[in-house]
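To start, the structure itself, in structure tokens.
Any read-out appearing in this document is the output of simple, stated calculations on the displayed coordinates, not a laboratory observation. None of the values given here were measured: they were computed from a predicted structure. Note that each Cβ is placed from the backbone with ideal geometry, even for glycine, and that neighbours are counted across all protein chains shown.
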Amino acid sequence: MQVARRLDVMTSIIIILLMSVFFLVAKDLRAPAHIFPLTVISLLLALGVLLLVKSLFFYKEPVKEEEEIDHRPAEEKKAGKKRVYLSIVIMFGYIFLLNVIGFYVTSFIYLALFSWYLGGAKKEAKPLLQAVLVSSITMMVIYLAFKVFLRVPTPTGFFF
């Protein structure tokens, strides 16, 4: 069995086992809080089974192409690594500030700054305003879904 095929089989088995355990844990949740977790778990379980079936019975040999060589300049490679490391630091900062500031405020700031940064961090007003607008709408939808509709508590902090 090829390495890629074996990796697909192992991944699908891990997904199936994890989702089975999660399903056993999540089935004890109270209604209506159980709807979303069980839906996500069921979808991931189905996708794991489909990946297993595909990798065992319908696997196609990948087309051999010439080895791809990274022709980017060294500065661009360094900038890419810098973005990855900065993204990890930003994510840890988000997790740390979640309980200090509160879920909604921290998530809004995180979404706005991170989407602006991943969009190129242009020092113009339009990209930053777009990021703020999209983050505002996203957080309003999350607030309405969790706080108003589902009445699920979220981490609170100084502000919210």
Q: Could you pull out which residues in segment 88-131 have an amide N less than 12 Å from a spot 7 Å beyond the Cα of Ile137, following the Cα-Cβ vector?
A: 130-131
Q: Evaluate the Kirkwood expression for the hydrodynamic radius of segment 1-133, namely the inverse of the mean inverse distance over all pairs of different C-alpha atoms, and round to one decimal in Å.
A: 19.4 Å
Q. Sorted by mean Cβ packing within 10 Å, highest first, what order do the peptides 80-88, 8-16 take?
A. 8-16, 80-88
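Below 8 Å between Cα atoms, with a sequence gap of 6+, how large is the relative contact order for segment 11-54 in percent?
It comes to 57 percent, rounded to a whole number.
Sum up the charges of everything whose Cβ sits under 15 Å from the Cβ of His34, counting Lys and Arg as +1 and Asp and Glu as -1, but leave His34 out.
Numbers: positive: Lys27, Arg30, Arg151; negative: Asp28.
Net of charged neighbours comes to +2.
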Q. Using Cα pairs under 8 angstrom and six or more residues apart, how large is the relative contact order of the chain, in percent?
A. 22 percent
Q: Could you size up the charge dipole of the chain around its Cα centre, putting +1 on the beta carbon of Lys and Arg and -1 on that of Asp and Glu, and report it in debye to the nearest 20?
A: 400 debye
Q) So what does the Cα-only Debye profile of segment 1-65 read at q = 0.21 Å⁻¹, as log10 I(q)/I(0), no solvent term? A) -0.80
Q.
At q = 0.13, 0.24 Å⁻¹, what log₁₀ I(q)/I(0) does segment 86-150 have when each alpha carbon counts as one equal point scatterer in the Debye sum?
A. -0.38, -1.03
Q) Given springs between every Cα pair under 10 Å in a Gaussian network model of the chain, which of Leu52, Leu24, Leu150 has the largest fluctuation? A) Leu24
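Hydropathy first: keep DSSP H helices in the chain averaging at least -0.5 on Kyte-Doolittle, then drop any whose Cα extent along the axis falls short of 24 Å, and list what survives.
3-26, 35-57, 74-101, 125-143
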